[in-house]
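Single-structure report; data block below.
Please treat every number below as a calculation from the coordinates, not as lab data. Keep in mind that what you see is a predicted model, and the values were worked out from it rather than measured. Please note: Cβ atoms are built from the backbone with ideal geometry, for glycine as well, and neighbour counts cover all protein chains shown.
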Amino acid sequence: MAPVRSYYNWNQRKSDTNEAIEPYRKYFFICEGANTETWYFEKLVDYKKELGINPNIDIRFLEKTQQDKNISFPRRLIEFAEEQKLNSDISFDAEMDRMIIVFDADIFEEKVKDFDEVVAFGENNNILGISNPAFELFLLLHYKDAYEKYIKPNEKEIISNEKVGNQRYIRNLFTQVSGINPKKNKSIGELVKQVDFAIVEECKINEDIHQCSGQVTCNIAKIINDIRNNKAI
């Protein structure tokens, strides 16, 4: 089995009896994209305490490596995540732990027609975090009043996500708002400090991943909030 890099900050503490204290539940994030998602979710791990996530819950980011680094097609990504549950290096407890698989829905808008089947396949044993059209939508939600200022006036353009120069529309829009190239600047991870804005703004768009075709959609902030409230089970 090809290795994955598991990023986490759980420190096993020793009790008076020298027994290691294990987390109550681990949430593993695995993503379609490479740099952008890695920078964001590693910061989510780093800022777990500041975000008010239960100290007995562990969050880990699984980074694809070697020949698996470019896996992005959603069905294959789900299969890969299932394979990692058997990876002894990450110690996945099928009864207690949860795998969260994050991917974009734009491929289904453009090329693939089996979205419902892929979602059903993925949700059988996992939690799915989906953005339509792409992860930059989720990042855009981290700005105060993002829905009214940036999303509502541009909904048609966002969902069609045509190219603007050499970038897709949602990436171009995010770069204009943030001043950050999300593919090249690791400071993108600092947006996790503003996830409370994302939770509020995401409620103003569609969060139902089963109804995302043709709709601006995201449920990633909801998943993070559910973890914070220990409801993402």
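Classify the stretch 95-233 as rounded, prolate or oblate from the Cα gyration tensor: take a ≥ b ≥ c as the square roots of its eigenvalues, call it rounded if a/c is under 1.5, otherwise prolate when a/b beats b/c and oblate if not.
Oblate, since a/c reaches 1.5 and b/c is not below a/b.
Sum -39500 (n - 2.57) across every DSSP H segment of at least 4 residues in the chain, then divide by the residue count to get the 222 nm mean residue ellipticity, nearest 500.
-9000 deg cm²/dmol
From the residues Leu137, Asn125, Ile107, which one has its Cα farthest along the dipole of the stretch 26-163 in the positive direction, the dipole being from +1 and -1 charges on Cβ of Lys/Arg and Asp/Glu about the Cα centre?
With unit charges placed on the Cβ atoms, the residue in question is Leu137.
Could you tell me which of Val4, Tyr169, Ser91 has its Cα farthest along the dipole of the chain towards the positive end, charges placed at Cβ (Lys, Arg +1; Asp, Glu -1), taken about the Cα centre?
Of the listed residues, the answer is Tyr169.
Can you give me the long-range amide H partners of Val164? Hydrogens built in the peptide plane at 1.01 Å from N, cutoff under 5 Å, separation of 5 or more residues or another chain.
Those qualifying (amide H under 5 Å, at least 5 residues apart or on another chain) are Tyr169.
Here is the link list: Lys48/Lys222; Lys49/Lys184; Lys156/Lys183; Lys43/Lys183; Lys144/Lys204. Which ones come out longer than 19 Å on Cα distance?
Those over the limit are Lys49/Lys184; Lys156/Lys183.
Whole-Hz ³J(HN,Hα) for each residue in the stretch 214-219, computed from phi via Karplus 6.51 cos²θ - 1.76 cosθ + 1.60 with θ = phi - 60°, x for glycine and proline: what do you get?
Taking θ as phi minus 60°, the curve returns x, 10, 5, 9, 7, 10 Hz for the stretch 214-219.
GluC sites (Glu not before Pro), restricted to the stretch 47-123: which are DSSP loop and have at most 11 other Cβ atoms within 10 Å?
Counting only loop positions with at most 11 other Cβ atoms within 10 Å, the GluC sites (Glu not before Pro) in the stretch 47-123 are Glu50, Glu95.
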